[in-house]
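Okay, so here's the structure we're looking at.
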Amino acid sequence: MMAPAWTSGRDEPLARQLARSALAVTLEDLPGDAVAKAKDCLLDFLACAFEARNLPWSRQAVATARALAQGSSIIGSSAAVSPADAAFANATLGHGLVREDMHPASICHHGVVIWPTLLALAQRTSCSGAALLVAAVVGYEAGGRIGRSLMTAEL
């Protein structure tokens, strides 16, 4: 019997194998320049979000968020909202002026996906700065690889 298309021929699905590999990465495994770049990308994301916070679409995204007593933060706001709402609002803020980081080979702004998600989840579950940086680097690497595999010179 052949393995399903979503596995790599083992009993375990490919997505689970990828998750296990990603969870095994430590800060010590990463090159120093990759960690430095991730820190720069976080600062860039936050700067873009603060700059775009008063734009109409940013205000609209923030206004749709549902308040929670123990929630996640929206950048530039004191509101505590659901992690999903915080991630959405922060992604909108970070992408508001389309000046954020860009990965040319995959034609993608990975930071507006990675940072809002990680920041919202890090407020929900205790997370060290090292773990946050590792997750970001793994996210950028995965996004870049997937994007490069999907994009061609003709697109």
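The values are calculated or read from the model by the stated rules, or taken from the named source; none is laboratory data. Source: prediction; values computed, not measured. In this analysis, Cβ positions are derived from the backbone assuming ideal geometry, glycine residues included, and neighbour counts consider all displayed protein chains. Note: accessible area is taken over every heavy atom of the protein model, side chains too, but ligands, DNA and RNA are not part of it. Shrake-Rupley method; radii C 1.70, N 1.55, O 1.52, S 1.80 Å.
Each of the peptides 73-83, 11-21 was scored by the mean count of other Cβ atoms within 10 Å over its residues; in descending order, highest first, they stand as 73-83, 11-21. Taking other residues whose beta carbon is less than 12 angstrom from the beta carbon of ALA86, and scoring Lys, Arg as +1 and Asp, Glu as -1, yields +1. Ordering THR92, ALA65, THR117 by the projection of their Cα atoms onto the charge dipole of the chain, which places +1 on the Cβ of Lys and Arg and -1 on the Cβ of Asp and Glu, puts ALA65 at the extreme positive end. Surface composition of the range 30-155: carbon plus sulfur atoms contribute 62% of the solvent-accessible area (1.4 Å probe, protein chains only, all chains present). Distance between the modelled labels on GLN17 and PHE50, one decimal in nanometres: 4.4 nm (7 Å Cα→Cβ projection). Computed from point charges on the beta carbon alone (+1 for Lys and Arg, -1 for Asp and Glu), the dipole magnitude for the range 49-133 about its Cα centre is near 180 Debye. Taking 0.36 nm per residue of separation and subtracting the Cα-Cα distance, full extension of the segment from SER82 to ARG145 would add 19.7 nm.
Solvent exposure of the chain amounts to 62 Å² per residue of accessible area, where only protein heavy atoms count and the probe is 1.4 Å. Summing charges over all other residues whose Cβ lies under 14 Å from the Cβ of ALA65, with Lys and Arg as +1 and Asp and Glu as -1, gives +2.
Projecting the Cα atoms of GLY129, SER77, LEU14 onto the dipole axis of the chain, where Lys and Arg carry +1 and Asp and Glu carry -1 at the beta carbon, places SER77 farthest toward the positive end. With a cut-off of 8 Å between alpha carbons and a minimum separation of six or more residues, what is the relative contact order of the chain in percent? Worked out over the chain, it gives 23 percent. Using the alpha-carbon positions of the range 42-89, Rg (one decimal) and Dmax (whole number) come out as 10.3, 29 Å. Taking the Cα centre of the chain as origin and assigning +1 to Lys and Arg Cβ atoms and -1 to Asp and Glu Cβ atoms, the resulting dipole is close to 380 debye.
Other residues within the sphere of radius under 15 Å centred on the Cβ of LEU30, judged by their own Cβ, net out at -3 (K and R +1, D and E -1). Values of log10 I(q)/I(0) for the chain across q = 0.11, 0.12, 0.17, 0.21 Å⁻¹ run -0.51, -0.60, -1.05, -1.30, by the Debye formula with one identical scatterer at each alpha carbon and no solvent.
Between THR125 and ARG66, the modelled labels are 2.1 nm apart [label points 7 Å from Cα along Cα→Cβ].
Taking all protein chains together, HIS109, HIS95 sort by accessible area into HIS95, HIS109, largest first [probe 1.4 Å].
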